[in-house]
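The values are calculated or read from the model by the stated rules, or taken from the named source; none is laboratory data. Since the structure is predicted, the reported quantities are computational estimates derived from the model, not experimental observations. Here the Cβ positions follow ideal geometry from the backbone for every residue, glycine too, while neighbour counts run over all protein chains shown.
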Ligand SMILES: NC(=O)c1ccc[n+]([C@@H]2O[C@H](COP(=O)([O-])OP(=O)(O)OC[C@H]3O[C@@H](n4cnc5c(N)ncnc54)[C@H](O)[C@@H]3O)[C@@H](O)[C@H]2O)c1
């Protein structure tokens, strides 16, 4: 019996991180050949050291995957960072830009490098990991204006690319998670109780929860999703 991503060639950025690793595992289980990309070299023969802030680094990685595999069927733009609690009026321009350069410019580099190959093939599916913090809420109590702005940018970028590329066979969508238990939140454990009190499900999501949603959006079953953002937050933004 064939699996949902049988024989597909997929690239994942942020692949050494919590969500990225779960996405790679899920897609491999679903039958894909997965190229794992991260600043911290992912394990295995299909792991590539890539800095998403550097357009050449990303372009070279995708060119290499195409040389090896002949095509790229799907991409997941998952690399991301978050600032510690910083008041907006005290944040430096450099601090703000450094978050934007990974979370927004990095997604631009990733989706457009993959997109050039996909448009040439006439097919492909892209998913970016945005966040509930983009267009759905402003997190409390921590102040993280750069992260929130970067993720709102990702949502707009996804809609824009989806509209530009739809007629040429390439779909672009986003998953917007709420709090997910990964290293990204390692310095914020003292805030967990406050977050849970505000989350109807009273828990965090797991990286596997996100991976399942990514796998769905990438698949042909999600063929009519175009520029959509699937919010999955345990109800955080309901209350
Ligand atoms: N954990 C959450 O609660 C949560 C919620 C919403 C959205 N997200 C998003 O999900 C994505 C994955 O986050 P995570 O929770 O797995 O965090 P994580 O810290 O475990 O993983 C992030 C990965 O991105 C990589 N990375 C950072 N800068 C990079 C760069 N310049 N080039 C290449 N790779 C780089 C890191 O090395 C790391 O492996 C991020 O975009 C994050 O914003 C996470």
If I ask for residues that are within 17 Å of residue 124 (Cβ to Cβ) and surrounded by 19 or more Cβ atoms within 10 Å (Cβ to Cβ), which ones from region 50-65 would you list? 58, 61, 62, 65
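Quick one: is residue 234 touching a strand residue (DSSP E or B) at 6+ places or on another chain (Cβ under 9 Å) and within 26 Å of residue 4 (Cβ to Cβ)? Spell out the reasoning first.
On the way: touching a strand residue (DSSP E or B) at 6+ places or on another chain (Cβ under 9 Å): yes; within 26 Å of residue 4 (Cβ to Cβ): yes.
So residue 234 passes the test.
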Which residues, taken from region 161-187, are out of contact with any strand residue (DSSP E or B) (no Cβ under 8 Å at 6 or more places or on another chain) and either without any contact (Cβ under 8 Å) to a residue 40 or more places away in the chain or near the ligand (Cβ under 9 Å from one of its atoms) (or both)? 164, 167, 182, 183, 184, 185, 186
For residue 37: the one exception among (1) out of contact with any helix residue (DSSP H, G or I) (no Cβ under 6 Å at 6 or more places or on another chain); (2) modelled with pLDDT of 95 or more; (3) crowded, with 20+ Cβ neighbours inside 10 Å: (1)
Considering only strands (runs of 3 or more DSSP E) wholly within region 1-90, the ones with at least 2 residues that are in contact (Cβ under 8 Å) with a residue 60 or more places away in the chain are 9-13, 74-77
